[in-house]
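> So that we are looking at the same thing, I have put the structure below in C-alpha cells.
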Amino acid sequence: MEATFDVFLGHASVDKDKGVREFAVQLVRLGLRVFVDERVIDSYGPITRTIEEALAGSLAFVAWFSAVYPGRRACQLELRAAYVAAEGAREVSERIFAVNPEDGFAHIQPATLRDARIPTEGVAEAILARVEALHERGAGPLGSLARLRAPVPVPQRTLGSPRFVGRVPELWLLHGHLQAGRIEQVSRTSREEVALIGFGGVGKSLLAEEYAQSFGPAYPGGIYWLSAAGAAPGDESVILDQLTIIAGPLGVSLDGNHEPIGDPIVLRHRLAGALAERERALWIVDALPEGLTAAEAQAWAAPHEQAATLITTRSSDYTAFAGVQLDVLDEPSALELLTSDHEPAGDEESEAARVIAVDRLGGHAQALDVARSLIGGRPGKSAYRDVLQRIDDSSVVLRLEHAALITRQLPNGHEASIVATLSAAIEGLDADARDLLRVASQLAVAPIELEFAAASTPQDAESEGAAADRVDRALSQLRGSSLAQPTQTSAGKSAYLVHTIVAAVAQHIDTPHPGRAEALRARAIGILVARLRASGNLLHDEASATELQSGVTHARHLTTNVDSTDDTSLHTLALWVAALDFARGAYGPARHLGEAVLEARKRLLGPEHPDTLGETV
C-alpha cells in the first residue's frame, strides 16, 4: 500500500486561521505532501469516507493540539483512529506527533503524546525529519498497519451518540487499562478486565459505546455487547441467554447431547475456544447489577484472555476488576451538551444555561440530555430563563419528568426518565441508607459530617459507637450503589456527599414515608442551632469557623427562604448564621458575640420584630 500523503494535519476548524494554514504551508514548502481538511466541521462531525481514506494513506498524523482540540469529537475520532493503528504496530512515537501552540501541556491526551511532542522551535523541520526517517526505512502508510474502522458490534447496534461530549481523559484511561497487556514494557499476568463505575444516568453506557466506536479498530477480532440487566443472584438464565446470542456469530455450536446447551459453564468453554482463534476482541458487559457474588460477576467476563472485558456497573463491590470511576460532566462539557440544540442568546441566557447545567443539574449527563431536548423543542430568546424559572417554581425532578414524557427516549434508545433510571437503586436500599439520602435531600449539595448524620437519624437507646457503626453500614450500601461517595469536610472530618439529582429523586419517590424526611430535617435544624449556640464567643475565631463551616453551609441552605416561613426554629437558625457573619466582620469590624447577635437580629428581623426570637438566642 503506497502513501498518498506524508502528513495528515488534524485540527479544530476554529484553528484554521490561528496557525494551522500557515503551518501547513510551511510543511508544503519543505516538500511534504500534507492533507488538511478544509471543511468547517461542527463539534460532533463524524469521520467521512474521504477522511478515512486520507488517514489510511498518510505516513504520519500531526495533531494541532490547541486548547479547543480535545473538546472536538471529530478531532478525537481522527486522533484515536491514527493512534490505534500506530499502537498496534508499536510505532506511536514514530507516527503520531503533537504540535502544541499553548503554554502548558495538561490538555494533551493521552499523556504519552506529551513526551512525543514536537519541539517549539523548528516545528516544521522536526516533522520533516520524522517523515524522512519513515521514508528511509520504506514504511507504509497508517492504513497498512491496521484497519481504521471498528468492527460491527455483535449483536448489531448503533454505537455512540452524535452529541457525545467531553470524557477525553476517561476514554484514554480506559484504553490504557484495556490495552495494558499489549503495550510495550508493561508486564501483566492478569487479564484486561475493567469496571466502569458510576451512579445511574451519569453516562456509563454511552461512554462504553463511544469507546467501542472510536477505539474499535484496536479489536479486529470483534466487539461483543452483552446486557446484564435483569441478572440476579443464583439465576443463570440472563447470562445463558446473552452467551447464546454471542455464540452464533462466533460459530459456536449450541448443541449438547441432542439438546440445547443449558449450562453457562459449558457454553463459556466453547466460546473461549472460538475467541482463542480470533484476533484481539472487545467484550462489553452493560449494566451489571449489584448484589452478585464474586464468582457470578466473574462469569460475565470474557471467557478467554484474547478478549478484553469492559463492564459498566453501579456497584463498586466488584474489586476483582480494575475500576474506573465515572463522575459527572465538567462545566464546559455540561454546558456544551445542554446548549447543543439551541445557542443561548445573550449574557442573561448564557448565565441561566450555566445555572441549569451546573447548579440545578450538577453536570448529570442524562438530566442534561433531557433538559436539552426540552429547550430545543421550544427555542426562543428566553428559553433557558424560562426553563430555570419553571425548575425553581416546582422541582428539578418534576421538570425533568415532564421533559422525559415529551422526549420519550434519548439517542440510541437510552432511558429518558430520571426517576426510572435511579429509582431501582434507591428503592433497594435499607431503612438506614434511605435515611442518609433523606438527610442529604434536605441539606446543601456539600459534604455532610458522619457524626451529624448519626445525630440526625437517632435510634432508641443507641450508644455513640452503635450510631457510628450504623452510619458506616448505611454509607457502605450507598457507596456500593454509587449513590454517595465518602469525603471530608474542610475541617478534615469524615463525611459523605450525594449528587443533587440523586437527592432530588430520593425525595421525589419517598412517598411511603412522607413525614420521615421532614422529621429528619427538623432534627438537623435543631442540631445546627445547638452547634452554633455552643460555639459562643468563638464565632469570630478562624479555627472555630473552619470547624463550623460544614454546618454553616447547610444552615445557609436551610434558611434560604426564611422570610416566607413562620417556623421559629428556622428563624433562630438564620439569626445564628447572621450573627456568625457579623462576628467575623462580614458587615464591618468584628464584634463581640452579644453585639453581633443584636446587629444580626436588627438586620434579619427588623427593629419591630417581637423580642421572643432574640431571647431564644
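Yes or no, residue by residue, for (1) touching a strand residue (DSSP E or B) at 6+ places or on another chain (Cβ under 7 Å); (2) at pLDDT 85 or above:
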| position | (1), (2) |
| --- | --- |
| Ser227 | yes, yes |
| Pro233 | no, yes |
| Ile239 | no, yes |
| Leu243 | no, yes |
| Gly248 | no, yes |
| Gly251 | no, yes |
| Gly256 | no, no |
| Pro260 | no, no |
| Asp263 | no, yes |
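> Out of all the residues in region 300-335, which are crowded, with 23+ Cβ neighbours inside 10 Å and either free of Cβ contacts under 8 Å to residues at least 12 places away in the same chain or under 11 Å from the mean Cα position of the chain (by Cα) (or both)?
Hits for region 300-335 are Val328, Leu329, Ala334.
> Next question. Of everything in region 423-470, what is assigned to a loop (DSSP other than H, G, I, E, B), closer than 28 Å to Thr560 by Cα and of a type in the set (A, V, I, L, M)? Give them in sequence order.
Leu443, Ala444, Val445, Ala446
> Considering each of Ala195, Ala301, Ala295 in turn, give the residue that is part of a helix (DSSP H, G or I), at negative phi and at pLDDT 95 or above.
Checking each option against the conditions leaves just Ala295.
> Given the residues Ser144, Ser161, which is the only one that is among the hydroxyl-bearing types (Ser, Thr, Tyr), within 36 Å of the chain's Cα centre (by Cα) and crowded, with 18+ Cβ neighbours inside 10 Å?
None of the other options fit; the residue is Ser161.
> If you don't mind, there's one more thing I want to ask. Can you say whether Ser476 is farther than 28 Å from His571 by Cα, modelled with pLDDT of 90 or more and outside any helix (DSSP H, G or I), as far as the supplied structure shows?
no
> Six or more apart or on different chains, Cβ under 6 Å: which pairs go from a residue in region 210-232 that's over 19 Å from Arg163 (Cβ atoms) to one that's of a type in the set (Lys, Arg) and surrounded by fewer than 22 Cβ atoms within 10 Å (Cβ to Cβ)? Could you list them?
Pro217/Arg147; Tyr219/Arg280; Gly221/Arg278; Gly221/Arg280
> Right, next: With the requirement that a residue be modelled with pLDDT under 85 and polar (S, T, N, Q), what does region 542-559 give you?
Ser544, Thr546, Gln549
> Something else about it: Can you say whether Ile406 is more than 19 Å from Glu349 (Cβ to Cβ) and assigned by TED's automatic domain parsing to the domain that holds Glu351, as far as the supplied structure shows?
In short, yes.
> Identify all residues within region 53-97 that are of a type in the set (Phe, Trp, Tyr) and over 17 Å from Asp37 (Cα atoms); write none if there are none.
Tyr83, Phe97 - these are the residues of region 53-97 that are of a type in the set (Phe, Trp, Tyr) and over 17 Å from Asp37 (Cα atoms).
> From the list Leu570, Leu604, which residue is at pLDDT 70 or above and among the hydrophobic types (A, V, I, L, M, F, W, C)?
Just one listed residue meets the conditions, Leu570.
> If you don't mind, another one. I'm trying to understand the selection: among the residues of region 291-307, which are within 24 Å of Ala212 (Cα to Cα) and charged (D, E, K, R)?
Once the filter is applied, which keeps residues that are within 24 Å of Ala212 (Cα to Cα) and charged (D, E, K, R), region 291-307 yields only Glu305.
> Sticking with this one: Which of the residues that make up region 549-563 are under 22 Å from Val439 (Cα atoms) and in a helix (DSSP H, G or I)?
Listed by number, the residues that qualify are Gln549, Ser550, Gly551, Val552, Thr553, His554, Ala555, Arg556, His557, Leu558, Val562.
> From the list Leu271, Leu282, which one is in the same structural domain as Leu196 (by TED's automatic domain parsing) and more than 29 Å from the chain's Cα centre (by Cα)?
Leu271
> Among the numbered criteria (1) of a type in the set (Asp, Glu); (2) in a loop (DSSP other than H, G, I, E, B); (3) closer than 20 Å to Thr4 by Cα, which one does Glu94 miss?
It fails just one condition, (2).
> Give all pairs with beta carbons closer than 6 Å in which a residue from region 5-25 that is within 19 Å of Leu59 (Cβ to Cβ) and modelled with pLDDT of 95 or more meets a residue that is outside any helix (DSSP H, G or I) and charged (D, E, K, R); count only pairs at least 6 apart in sequence or on separate chains.
Phe5/Arg33; Asp6/Arg33
> Can I ask one more? Would you call Arg72 closer than 24 Å to Arg114 by Cβ, surrounded by 22 or more Cβ atoms within 10 Å (Cβ to Cβ) and of a type in the set (D, E, K, R)?
Criteria met by Arg72.
> Do we have Ile51 as closer than 17 Å to Ser214 by Cβ, assigned to a loop (DSSP other than H, G, I, E, B), out of contact with any Gly (no Cβ under 7 Å at 6 or more places or on another chain) and aliphatic (A, V, I, L, M) here?
no
> Can you name the residue in region 219-268 that is outside any helix (DSSP H, G or I) and among the hydroxyl-bearing types (Ser, Thr, Tyr) and is also farthest from the chain's Cα centre (by Cα) among such residues?
Residue satisfying both the conditions and the ranking: Ser253.
The values are calculated or read from the model by the stated rules, or taken from the named source; none is laboratory data. This one's a predicted model, so the numbers in the text were calculated from it and none came from an experiment. Don't worry about glycine lacking a Cβ; one is built from the backbone with ideal geometry, like all the others, and counts go over all protein chains shown.
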